[in-house]
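J.: Pasting in a structure now, in structure tokens, and then I'll have a few things to ask.
The values are calculated or read from the model by the stated rules, or taken from the named source; none is laboratory data. Small disclaimer: the values here were computed from a predicted structure and weren't measured. Backbone-built Cβ (ideal geometry, glycine too); neighbour counts: all protein chains shown.
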Amino acid sequence: MIIAVTSIENNLDSLVCPQFGRANFFLIINLQTLEFQAIPNPNVNVVDGAGIHSAQLLIKEEIKAVFTGRVGMNAFRILDSAGILVYENVEGTVRVVIDKLKLGMLKASNNLNFNKKFPNQFHGMQCRGSKWNNKGNSVQNEQEILKTEIEELKEKISQLEIQLKQNETHNN
């Protein structure tokens, strides 16, 4: 099986990069032979759509799974529609990820909203200098993430209010 792991450096002993779209490298790894190719991410400094462009890049590599800290919803949808499994909340070195995968210790994400509702804590891991906060999010994108979370919560509240009204009507 061929997989991709977001990486800070271009080797198997590198830390996994907590951000998918702005990872420094994508390591494309053959799990059977451990042969790999380090692809520099051309989307590191893209203003908008880094995750989408990175997802499109990896689809061309014909991988079966992606391992990273966090994938945005749009990139997740693209990868998912291409049949690529997404493993989020992955930490440690690339080599440790491979070992955990082989031992069956990792579970693919199946909920697009999981990474928005439960942001990762990366304990200061960074891909690129001070432009990254301790959650692995671009400081520039932090407000966008918060706005998205607020909109999702408003939608959930609206759905719960509708369910509550239906239950009250049903019980009366």
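J.: Can you tell me which of (1) buried (at least 18 other Cβ atoms within 10 Å of the Cβ); (2) within 30 Å of residue 151 (Cβ to Cβ) is the one residue 14 doesn't meet?
T.: The failed condition is (2).
J.: Return the residue satisfying two criteria in turn: it lies in the stretch 61-93 and is part of a loop (DSSP other than H, G, I, E, B) and of a type in the set (D, E, K, R), and of such residues it is nearest to the chain's Cα centre (by Cα).
T.: So the residue we want is 88.
J.: Could you check residue 21 against (1) more than 14 Å from the chain's Cα centre (by Cα); (2) over 17 Å from residue 91 (Cβ atoms); (3) in a loop (DSSP other than H, G, I, E, B) and say which number it fails?
T.: Status for residue 21: all satisfied but (1).
J.: All but one of (1) at pLDDT below 95; (2) small (Gly, Ala, Ser); (3) touching a Phe, Trp or Tyr at 6+ places or on another chain (Cβ under 9 Å) hold for residue 82; state the number of the condition that does not hold.
T.: Tallying (1) at pLDDT below 95; (2) small (Gly, Ala, Ser); (3) touching a Phe, Trp or Tyr at 6+ places or on another chain (Cβ under 9 Å), residue 82 fails exactly one: (3).
J.: Has the stretch 67-74 got any residue that is more than 17 Å from residue 12 (Cα to Cα), surrounded by 19 or more Cβ atoms within 10 Å (Cβ to Cβ) and free of Cβ contacts under 8 Å to residues at least 60 places away in the same chain? First the steps, then the outcome.
T.: Initially, the stretch 67-74 is screened for residues more than 17 Å from residue 12 (Cα to Cα), giving 70-74.
Now restrict to residues that are surrounded by 19 or more Cβ atoms within 10 Å (Cβ to Cβ): 70-72.
In the following step, the residues that additionally are free of Cβ contacts under 8 Å to residues at least 60 places away in the same chain were identified as 71-72.
Yes, some residue in the stretch 67-74 is more than 17 Å from residue 12 (Cα to Cα), surrounded by 19 or more Cβ atoms within 10 Å (Cβ to Cβ) and free of Cβ contacts under 8 Å to residues at least 60 places away in the same chain.
J.: Just checking, does the stretch 50-57 include any residue being surrounded by fewer than 24 Cβ atoms within 10 Å (Cβ to Cβ), touching a residue at least 60 places away in the same chain (Cβ under 8 Å) and either of a type outside the set (Phe, Trp, Tyr) or part of a loop (DSSP other than H, G, I, E, B) (or both)?
T.: No - not one qualifying residue is present in the stretch 50-57.
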